[in-house]
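Asks: Submitted below is the structure of interest, expressed as structure tokens.
The values are calculated or read from the model by the stated rules, or taken from the named source; none is laboratory data. Nothing here was measured: the structure is a model prediction, and the numbers come from that model. Note that each Cβ is placed from the backbone with ideal geometry, even for glycine, and that neighbours are counted across all protein chains shown.
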Amino acid sequence: MVIIDELYCKGCYLCSHYCPKKIIKPSGKRNGKGYIIPCIAEPEECTKCKTCELICPELALTVEEGAN
Amino acid sequence: MHPLGEKYLRKNALPLLWCPGCGNGTILNATVRAIENLGIRDRLALVGGIGCSGWIPVYIDADTLHVLHGRAIPFATGLKMSDPNRKVIVFSGDGDCLGIGGNHFIHGARRNIDITVIMVHNQIYGMTGGQVAPTTPTASKTKTSPYGNPEMPFNGCELARASGATYVARWTTAHPRQLSKAIAEAIDHQGFSFVEVLTQCPTQAGRVIHGTADPAKLLDMIKANTISANAAKDKSAEELAGKFLIGTLHHDTQRPEFAGYYYEKIHKAAAAN
């Protein structure tokens with residue numbers, strides 16, 4: 001499962017752009033800094049390729065092993 | 001925060017000061033992974049120059065130097081000579097490494113001292129407000145070249161190789177897996193290692209040179225402008241014009257390393273007396 005740290009995310013959406021399944025979408029929710037944070041729209045589609053985790057400039061994304 | 005971030009970053013320095021979508025964070029991410037894979041945290045020394053990229057080592061919780069503009073390589077040379085067991089990594093921007101510190105860079109490469117230089121190439125002086133840099137493409141409009149840059153950009157990898165660097169690689173922040181692997185290889189290599197990272201600067205280079213501040217679009221542009229070094233072998237000069245070669249461009253394990261050579265001589269001289 002993919003965990004997005006709302007405290008550190010700056011809403012650049014590089015994770016969303018590089019997600020091969022395109023399942024990371026804007027959530028419409030703002031964090032404390034005022035950035036619109038992303039969410040995992042279809043968690044069951046995630047293949048755990050970890051591209052989002054590697055590209056994240058804030059180290060705010062974590063892909064955990066186990067069930068989605 | 002990612003568990004590796006929890007493990008390696010200075011919590012009191014967070015959040016990272018870079019603009020949203022800046023590639024420096026991806027390089028920090030890749031470096032932390034390389035350090036974790038090599039398990040060298042205890043004998044690590046990080047040196048940062050001036051500029052946005054000079055802040056990368058500041059966030060890593062290890063021995064860190066943040067030094068004068070362009071003088072990261074001389075400080076790293078001194079550090080390596082005084083403590084040759086250290087793994088010294090220098091983070092430098094394109095202006096810091098090729099502009100102000102250009103002379104130090106070529107002499108570091110010439111000596112083949114065992115330091116790893118990670119050059120963040122964003123085509124512009126970002127922190128100071130978008131002035132023309134030694135890597136700004138010809139004819140690009142910036143704040144200090146409003147009618148187009150008349151100069152030719154430096155090719156950092158060619159310069160490093162010609163100056164005598166023994167490990168030269170180039171990747172982009174759109175290739176985080178390969179980048180992390182290249183950084184680990186560069187740290188592991190005995191000799192002057194140079195990794196150039198093509199990266200997006202949405203605030204300065206993006207808006208001023210490329211006409212978009214969207215980091216994803218900028219990264220796509222950078223990726224489209226590269227070609228793998230293996231694929232480039234059977235391409236003509238016209239097809240390669242303006243393209244950046246990516247991959248490991250040079251790897252020489254034969255040349256002796258400077259600090260090791262120097263200490264060997266010192267021990268020999270001491271034994272002779």
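Asks: Need a quick list: helices (runs of 4 or more DSSP H) entirely within segment B:99-192 having at least 3 residues that are under 20 Å from B:Ile222 (Cβ atoms).
Replies: Once the helices (runs of 4 or more DSSP H) in segment B:99-192 are filtered for at least 3 residues that are under 20 Å from B:Ile222 (Cβ atoms), what remains is B:156-163, B:176-188.
Asks: Among A:Lys48, A:Lys22, A:Lys10, which is of a type in the set (Lys, Arg), facing chain B (nearest Cβ under 10 Å) and in a loop (DSSP other than H, G, I, E, B)?
Replies: Values: A:Lys48 fails: facing chain B (nearest Cβ under 10 Å); A:Lys22 fails: facing chain B (nearest Cβ under 10 Å).
Testing whether each residue is of a type in the set (Lys, Arg), facing chain B (nearest Cβ under 10 Å) and in a loop (DSSP other than H, G, I, E, B) leaves just A:Lys10.
Asks: For segment B:51-71, how many residues meet the condition of being without any contact (Cβ under 8 Å) to a residue 60 or more places away in the chain and in a loop (DSSP other than H, G, I, E, B)?
Replies: Total satisfying the criteria: 7.
Asks: To continue, here is another question. In segment A:25-45, how many residues are more than 14 Å from every other protein chain (Cβ to nearest Cβ) and more than 12 Å from the chain's Cα centre (by Cα)?
Replies: Qualifying residue count for the region: 4.
Every residue, every condition in (1) crowded, with 24+ Cβ neighbours inside 10 Å; (2) modelled with pLDDT of 95 or more; (3) out of contact with any Asp or Glu (no Cβ under 6 Å at 6 or more places or on another chain), yes or no:
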site: B:His121; (1), (2), (3): yes, no, no
site: B:Gly126; (1), (2), (3): yes, no, yes
site: B:Gln131; (1), (2), (3): no, no, yes
site: B:Lys141; (1), (2), (3): no, no, yes
site: B:Thr144; (1), (2), (3): no, no, yes
site: B:Tyr147; (1), (2), (3): no, no, yes
site: B:Glu158; (1), (2), (3): no, no, yes
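Each row is one residue, and each column tells you yes or no for (1) within 14 Å of chain A (Cβ to nearest Cβ); (2) of a type outside the set (A, V, I, L, M).
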position	(1), (2)
B:Phe192	no, yes
B:Glu196	no, yes
B:Cys201	yes, yes
B:Arg207	no, yes
B:Gly211	no, yes
B:Leu219	yes, no
B:Ala229	no, no
B:Leu249	no, no
B:Ile266	no, no
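Asks: Would you mind telling me which numbered condition in (1) within 14 Å of chain A (Cβ to nearest Cβ); (2) assigned to a helix (DSSP H, G or I); (3) surrounded by fewer than 23 Cβ atoms within 10 Å (Cβ to Cβ) B:Pro74 fails?
Replies: (1)
Asks: Among the numbered criteria (1) in contact (Cβ under 8 Å) with a residue 12 or more places away in the chain; (2) within 11 Å of another protein chain (Cβ to nearest Cβ); (3) in a helix (DSSP H, G or I), which single criterion is violated by B:Gly21?
Replies: (3)
Asks: Could you list, in sequence order, all residues of segment B:30-82 that are under 30 Å from B:Ala133 (Cα atoms) and hydroxyl-bearing (Ser, Thr, Tyr)?
Replies: B:Thr31, B:Ser53, B:Tyr59, B:Thr64, B:Thr77
Asks: Condition test on B:Asn12, is it under 23 Å from A:Cys12 (Cβ atoms), at pLDDT below 95 and part of a helix (DSSP H, G or I)? Can you show your working first?
Replies: Numbers: under 23 Å from A:Cys12 (Cβ atoms): no; at pLDDT below 95: yes; part of a helix (DSSP H, G or I): yes.
No: the conditions fail for B:Asn12.
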